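Taken together, the values in this text are just the output of simple stated rules run on the coordinates, not laboratory data. What you see is a predicted model; the values in this text were computed from it and never measured. Ideal geometry is used to build each Cβ from the backbone, glycine not excepted, and the neighbour counts take in all protein chains shown.
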Amino acid sequence: MLENVWYPCSLAAKKLGIRESQLSELREYIYFKPGIHWRSSPLGQIKPWSPEAIYNVNACKVVINKYNLLKINQIAA
């Protein structure tokens, strides 16, 4: 069975065990690539819109583990 891997920021952060602000920072600092790790979600939004980012939790986990980002964030926090 196929599982939905795309989640809004709040649910993705919860599944990844990080804060929403950390998730946004990882996107802004280019750890997460558009289209692979996150994308815009315009569904149900009328233009002009400010799209909400949705995240591929499985792909994000790979990056977090590869770069030990949780350990870095725990030290900085």
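Averaged over residues, the count of other Cβ atoms within 10 Å places the peptides 21-31, 52-62 in the sequence 52-62, 21-31, highest first.
Working from label points 7 Å from Cα in the Cα-to-Cβ sense, the Ser50 to Arg19 distance is 2.0 nm. Between Asn4 and Arg39, the simple spin-label model (points 7 angstrom out along Cα→Cβ) gives 1.4 nm.
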